[in-house]
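Visitor: My questions all concern the structure below.
The values are calculated or read from the model by the stated rules, or taken from the named source; none is laboratory data. Since the model is a prediction, treat every value here as computed from it, not as a measurement. For neighbour counting, all protein chains shown are included, and Cβ atoms are generated from backbone atoms with ideal geometry for every residue, glycine included. Ligands, DNA and RNA are stripped out before the accessible areas are found, and what is left, the full protein with its side chains, is counted by its heavy atoms. Shrake-Rupley method; radii C 1.70, N 1.55, O 1.52, S 1.80 Å.
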Amino acid sequence: MTLQSVPDLQHRTVLLDEAVDALAITGARADGVYVDGTFGRGGHSRKILERLGARGRLIAFDKDPLAIATAQTIADTRFAIVHDSFATLDQALAARGVAQVDGVLMDLGISSPQVDDAARGFSFRFDGPLDMRMDTTRGVSAAEWLATADEQTIAKVIRDYGEERFALQIAKTIVARRAVEPISTTRQLAALVAQAVKTREKGKDPATRSFQAIRIFINQELEELEIGLEKAFRQMAQHGRLVVISFHSLEDRIVKQFMASKAHVPQPDRRLPIRAVDLPQPLATLHPRIKPSDAEVAANPRARSAVMRSLERISVEAAA
Ligand SMILES: C[S@@+](CC[C@H](N)C(=O)[O-])C[C@H]1O[C@@H](n2cnc3c(N)ncnc32)[C@H](O)[C@@H]1O
């Protein structure tokens, strides 16, 4: 790959001030420990470092080796980068002697440098190898998976993660075609999907849903999100903040339900003789959901679908 084949590989950070403000890195909290679960190109991380005190720490994660390479250029003793999923947060923190964190940020999904690089295979807009792995050093590429998965599994992935009603037809088309030639490029896959999808959604390429679905599956995005949220919350100190930006309804539903489960605890039958002090207490308070302003969306159309949710942990003992 020559540099000329790589378009502008910058990432415009979404909800930069809103997300970092929500971590509340002020007063004594400026010397706390923060986690950026999705370093990307470090937009949020750099802003967090600006607000951190001299004794503060920021531990960032990313699965992508190119994100890691960028992170390694940050010369700041308060900063550390981990090349792994935020789903391994507990082990990574324990290895660094960190028992509790004051804030965790997750800016989910893929970055512009990933989607705009044809060689990564995330986009049907460019022709490239059908890879789609965030972490190119391990795991199975989309092409490898599509070469061997059975029709029902392919259909289920595309239906569940793409909410695509032509999932079965797409799976059948893929399985029929791979008997003739390997499906190894984004253009091949996009053409097969377009052939199988019989209706068109206004302003949407017919391959959008299938590419999203396969990407989510290949990177185990929803499973890792569920694990990461739980682990982040478990490590959180009192008044710790959890801030999550999601970009599609499947992610946002998981975040919303997770946060609600910490803020609204089931109450026992009112007729039972239980004293008020013995009633289960909420572990967190929710903050209002935030979406990018019109001005941000106008400047960065990729911010359009972003939704930010955050909570403050108010009780630590009850979840131990
Ligand atoms: C939207 S970008 C983050 C952009 C970043 N906030 C910035 O301002 O540059 C998402 C990044 O998270 C990474 N990522 C997604 N899921 C991850 C996970 N489970 N663990 C670690 N990194 C993940 C992707 O590789 C990508 O680099």
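Visitor: Once neighbouring chains are kept in place and the probe is 1.4 Å, which whole percent of the accessible area of region 133-238 is contributed by carbon and sulfur?
Guide: 51
Visitor: Find, among the trypsin sites (Lys or Arg not before Pro) in region 277-320, those assigned to loop by DSSP (not H, G, I, E, B) with at most 14 other beta-carbon atoms within 10 angstrom.
Guide: R304
Visitor: Could you order S45, S315, S293 so the one with the most accessible surface comes first? Probe is 1.4 Å.
Guide: Ranking S45, S315, S293 by accessible area, largest first, yields S293, S315, S45.
Visitor: Shifting gears a bit: When DSSP assigns beta bridges and you keep just the ones with both residues in the chain, what percent turn out antiparallel, to the nearest 5?
Guide: Here the share of antiparallel DSSP bridges comes out near 40 percent.
Visitor: Helix 208-218 sits at what angle to the longest principal axis of the chain, using alpha carbons and giving 0 to 90 degrees rounded to 10?
Guide: Helix 208-218 and the main axis of the chain meet at about 60 degrees.
Visitor: Counting only the heavy atoms of the protein chains, how much of D127 is accessible to a 1.4 Å probe, in Å² to the nearest 10?
Guide: It works out to around 80 Å².
Visitor: Sticking with this one: Suppose accessible area is computed on protein heavy atoms with a 1.4 Å probe; arrange H11, H239 from highest to lowest.
Guide: From most accessible down to least: H239, H11.
Visitor: Related question: Through the Karplus equation 6.51 cos²θ - 1.76 cosθ + 1.60, θ set to phi - 60°, convert the phi angles of region 66-75 into ³J(HN,Hα) values in whole Hz; use x for Gly and Pro.
Guide: 6, 5, 4, 4, 5, 4, 5, 8, 7, 9
Visitor: While we're on this one: Before rounding to the nearest 500, sum -39500 (n - 2.57) across all DSSP H runs of length at least 4 in the chain and divide by the residue total; then give [θ] at 222 nm in deg cm²/dmol.
Guide: Taken over the chain, the calculation gives -11000 deg cm²/dmol.
Visitor: Sorted by mean Cβ packing within 10 Å, highest first, what order do the peptides 231-237, 264-270 take?
Guide: 231-237, 264-270
Visitor: Working from the alpha-carbon coordinates of the chain, get Rg over Rh, Rh being the Kirkwood radius.
Guide: Rounded to two decimals, Rg/Rh equals 1.01.
Visitor: Using Cα centres only, tell me the gap between region 151-181 and region 281-317 in whole Å.
Guide: 34
Visitor: Where the only charges are on Cβ atoms (+1 Lys, Arg; -1 Asp, Glu), what is the dipole of the chain about its Cα centre, to the nearest 20 debye?
Guide: Its charge dipole is roughly 600 debye.
Visitor: On average, how much accessible surface per residue is there in the chain, in Å², for a 1.4 Å probe, leaving out ligands, DNA and RNA?
Guide: Accessible surface, normalised per residue, equals 48 Å².
Visitor: Then there is this: Leaving out ligands, DNA and RNA, what percent of the accessible area of region 273-320 is carbon and sulfur, probe 1.4 Å?
Guide: The nonpolar share, carbon plus sulfur, comes to 59 percent.
Visitor: Would you mind checking which residues have amide H under 5 Å from V82's amide H? H placed 1.01 Å from N; only 5 or more apart, or other chain.
Guide: Placed amide hydrogens put A60, F61, D62 under 5 Å from V82.
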